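The values are calculated or read from the model by the stated rules, or taken from the named source; none is laboratory data. Bear in mind the structure is a predicted one, so any value in this text is a computation, not a measurement. Neighbour counts run over all protein chains shown; Cβ positions are idealised from the backbone, glycine included. When the accessible area is computed, the model is the full protein with side chains, heavy atoms only, and any ligands, DNA or RNA have been set aside. Shrake-Rupley method; radii C 1.70, N 1.55, O 1.52, S 1.80 Å.
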Amino acid sequence: MVPFSNILGHEKCESYLIFGGETTLGDNFRAFFYFLCLAYCFIGLSAITARFFQSMENVVKHTRKVVEVDPVTKTETIRHEKVWNYTIADISLLAFGTSFPQISLATIDAIQNIGKLYAGGLGPGTLVGSAAFDLFPIHAVCVVVPKAGELKKIADLGVWLVELFWSFWAYIWLYIILEVWTPNVVTLWEALLTVLQYGLLLTHAYAQDKRWPYISLPIARDERPEDWVPEETPYFQHEAHAEVDFSDIKHVNEENGDTVDIFSIHSENPTDPLYARVPSINDEAEILDKAKETTLVDTHLLTIWRQQFLDALRLLRPESKKIKNACLRLACIFWQLLILPWRFLFAFVPPCQIAHGWISFICSLLFISGIAYVVTKITDVISCVTGINAYVIAFTALASGTSWPDLVASKIAAERQKTADSAIANITCSNSVNIYVGIGVPWLIDTLYNFIAYREPLRIQNAGGLSFSLIVFFSTSVGCILVLVLRRIIFGAELGGPRLWAWITCAFFMLLWIIFVVLSSLKVSGFI
């Protein structure tokens, strides 16, 4: 058993974040300063993730032209078909996007440890802790979000069961790797199989969505929107030969606190004024001459990009002017001043109207990776200064901070959607992505290098603590799922219902999360 004094540590930490003079400061001041830096990075992470969601919406809205010829009359019918399938978009773009901060952090941690026989603990610890945060606190929030008495249930129960199976299997598989097949080490083949199982998840979920015979569950779906992306709102539909005016588009400034709501594209009536609905390139081609259209679009996109920088530098927002209380208005101005550097930095991300949002999508990922790199550096210094085990920081601070996009996404889904599919699917799919991609890819990088350079497997430091956390997570997650099943049986829905029971469910989920964090932290710290 490790004494408490060893946990806090009294040895002088010679590591620093920015300049060497930091080592002359007191450890308490340094720890406080580094935690503030970590929180500031999480603010930036939330802001760029909002921009990521906005670009992802434009990616998913993309359609392709399908020409159908009547075999009798030989007449051609042209229709526009959505490129992305509802289920695949949830599992790939949505789940991958909300999990990308954790994936980036784990991958950067793996690259920093490349060539070493022992894997870094920061990535796996963050991903397992993030899975617990996704399952417990996010479910707790989603249960109480619907209005009093409102019930929201999973419409496509078959797809959710498939996603739930692969989510549970992911953590069973991780335990098998660490404790059964090759205890305390990871081989190249185990890492490769871990990554390939994400492809199996996509295939199985798509088969269930399409109700393929023999491999899909015979469970009917109901009340789910037919399209992942509804039709454009009439406000942005243009008359024939009308000039496209992008200046009329209302732009979202996610930096001012308005989180981009990717789930509005699920909505039956997507008229949220916070959303920018742009005409598709296919529709413009039918209205304007191609050369003229290209000139207009280029001109207006430059205007939009310029406006991003002007918005980033504006301190007094329209909503701030409505606040009569002077103290609250000053607080809003202070907050805008605090996040101004992030807003200005993210204004360099190209507008999401370019190339169906793909360029903005990729640039947002690059910014997320950059912030994740800074977070890993700060966490290393915090662990050095305080003596707190890196796994403990990963289970708590890093898991909560990097999972904030998951919380925001699921909360919005629970508010806006008629069903609970997207809110709960985001949780289960994110947990699967955390293991198959977030742990699988970093382990694949390290094991491949070790296999080529040393012909040695990758050893896992404190594998016993990680395995113990998996057991605790699995046990508590069974309790969480059982409560959801009971709510389905008693109230007919997973989310909402009587306020008293919704808050009781919320408290129970938060208790499960506290149990996971406390037991896991005590184990990796050597107390149990």
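Table for the structure above
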item	result
Region 67-223: relative contact order as a whole-number percent, Cα under 8 Å and 6+ apart	23
Theoretical gain in end-to-end length, Ile88 to Met510 [0.36 nm per residue, Cα-Cα removed]	148.9 nm
Accessible carbon and sulfur surface of region 166-227 relative to its total accessible area, %, 1.4 Å	68
q = 0.13, 0.16, 0.24 Å⁻¹, region 320-430: log10 I(q)/I(0) [Debye, one scatterer per Cα]	-0.86, -1.15, -1.16
Theoretical FRET efficiency, 1/(1+(r/R0)^6), r = Cβ-Cβ of Thr203 and Thr303, R0 45 Å, to 0.05	0.55
Given charges at Cβ of Lys, Arg, Asp, Glu: region 312-429 dipole, positive-most of Leu328, Ala420, Ile368	Leu328
Protection-proxy order for peptides 402-410, 353-361, each taking the mean of Cβ atoms within 10 Å per residue, highest first	402-410, 353-361
Taking N as its residue count, the alpha carbon Rg of region 41-130 over 2.2 N^0.38 Å	1.73
Residues of region 467-484 with amide N under 14 Å of a point placed 7 Å along Cα→Cβ from Trp501	483-484
Nonlocal amide H pairs with Val185, under 5 Å, H built at 1.01 Å	Ile460
Extended-chain gain in nm, criterion 0.36 nm per residue less alpha-carbon gap, Phe29 and Ile176	48.7 nm
Estimated distance in nm for a label pair at Val67 and Glu456, the labels positioned 7 Å out from Cα along Cα-to-Cβ	6.2
Cβ charges +1 (Lys, Arg) and -1 (Asp, Glu), total dipole of region 408-528, debye	240
FRET E, pair Val485, Leu340, Förster distance 35 Å, beta-carbon r, rounded to 0.05	0.15
Estimated FRET transfer efficiency (Leu151, Arg79; beta-carbon r; R0 35 Å; 0.05)	0.50
Separation of the Trp212 and Ile333 label points, Cα + 7 Å toward Cβ, nm	6.1
